[in-house]
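The block underneath contains the structure these notes are about, expressed in C-alpha cells.
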Amino acid sequence: MNPAGRLIVVVLFDGVDLLDVTGPPEVFSLARRETEDAAGYEVVLAAGTTGPVTTAAGVRVLPDVTFDDLSGRRVDTLIVPGAVEVDGRRRVRALADPVVVEWVRRLAGQTRRVTSVCVGAHVLAAAGLLDGKRATTHWSTARQLADEHPEVEVDADPIFIREGDVWTGAGISSCLDLSLALVADDLGEAVALRVARQLVMYLKRPSGQSQFSVPLEQVSTTRRVEDLRHHIMRNIAAPLTVADLAAHAHVSDRQLTRIFKTELGTTPYAYVESARVEVARQQLESTDATLERVASACGFGTVDTLVRAFRRRLDTTPTEYRRRFRTVVSTHS
C-alpha cells in the first residue's frame, strides 16, 4: 500500500470524551516524526459542521472537515470516540447519537479499517458494524452494550480487540495502546516501540491485557456488599472462603452467593481471585518482592496458584507482567 494514502479520520460530536479525540492523533504524529514522514499519516477531525465542538471536558475543538467533505474520499482508518451521561447516582450510560451513527455507517463503507475507542463501541454497534463480532468497551458500559446489542459478543476484559478490519478499544487511556497497535500493524513493532518510548509508555500492552481493576468496579447499591468488598481487600492474605465471607456478612453460604451474583455479577470465588490478582499486579509493578512473597501476601499460597490465576485473568504470567509494567529497579543483581 502507498503510505501517502493513510488518511485517518477522527469523528467529532458534542459531548465527546476529549482524550479519545486527542490521544490517537498524538500517536500518529509521533509515528510520522519517527519515520521522517514516511508513515504518510494525515489526521483530520470530522464533524457535521466546521463549527466548534464542545467536549465532555468543556474544551472546544474545531473540526478540520465536515462529514460531507469526506464523501467519495478513501479513508484508511476511521476512529470513533464515545460519549456518556452520568445520572444522580453516578451511573454511567453510553450515548449514540443517531445522526453520528448514520455518518459512521456511511463512512465505514469507504474505509479500510474502522476503530472505536472507549464507549465509541456503542456507536459502531448501533451502526451494525459489530454484528457477529467480538468487541470490547469501557468496563462501566459493557453490560449496556451486551444488553442493547445481543448480536455482539462483548468481552469487557481486554484492552483492545481486533476482528479483521474492525478494532475496538477499552478505557479512555487505552486509546494510546490501540493507536500503537495500529501503528505496529502498519509500520512494524520497531516503529511502534520508538513511538511508545516518546510517549514514556511501557512499549504497548498486548490486546489480552486486562482492563479489570477491583477498586474501579461498579459500586454496589448495598452497604453490606460494600463492606464485604472492603473486608476482602483488607484481608486479602486470609483464606476468604465462602463460609468466611458469609460469617462476616451474617448470612448463609447460599445467600452470600446470591448476593454476589445479583450485586456484582460474579461468584464470591471469582471476585476474591480477581481481587487477589489486582493486589498482586500492584505488587509486581511497584515492589521487588519475589513471586513466593507476592503469592503469600495476596492469599494465593503458592506460586503455581498465582501463575494459574494470572493466566486465567490476564492471559499472561506474573513474570511477563512484571517485565512489562514494573516501575521499580531491581535491587538484586
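The values are calculated or read from the model by the stated rules, or taken from the named source; none is laboratory data. Computed from a prediction, not measured in an experiment: that's the story for all the values here. All Cβ positions, glycine included, derive from the backbone under ideal geometry; neighbour counts span all protein chains shown. Just so you know, the surface numbers come from the protein's heavy atoms only, side chains and all, with ligands and any DNA or RNA stripped out. Shrake-Rupley method; radii C 1.70, N 1.55, O 1.52, S 1.80 Å.
Before moving on, here are some points about what is shown:
- Tally of residues being touching a helix residue (DSSP H, G or I) at 6+ places or on another chain (Cβ under 7 Å) and under 21 Å from Thr49 (Cβ atoms) across segment 84-111: 5
- Residue count, segment 28-74 (criterion: assigned to a strand (DSSP E or B) and either surrounded by fewer than 14 Cβ atoms within 10 Å (Cβ to Cβ) or not small (Gly, Ala, Ser) (or both)): 11
- Ala309 falls short on exactly one of the conditions (1) surrounded by fewer than 14 Cβ atoms within 10 Å (Cβ to Cβ); (2) hydrophobic (A, V, I, L, M, F, W, C); (3) modelled with pLDDT of 90 or more, and that condition is (1).
- When the test is whether a residue is at pLDDT below 95 and open to solvent by less than 70 Å² (accessible area, probe 1.4 Å), His138 passes it.
- Spans of helices (runs of 4 or more DSSP H) in segment 129-200 with at least 3 residues closer than 29 Å to Gly40 by Cα and of a type outside the set (S, T, N, Q): 174-187, 189-198
- Residue in segment 256-278 that is farthest from the chain's Cα centre (by Cα), counting only those that are crowded, with 19+ Cβ neighbours inside 10 Å and of a type in the set (Val, Ile, Thr): Ile259
- Failed criterion for Ser207 (all others in (1) open to solvent by 50 Å² or more (accessible area, probe 1.4 Å); (2) modelled with pLDDT of 85 or more; (3) of a type in the set (S, T, N, Q) hold): (2)
- The set of residues from segment 1-12 being in a loop (DSSP other than H, G, I, E, B) and open to solvent by 30 Å² or more (accessible area, probe 1.4 Å) comprises Met1, Asn2.
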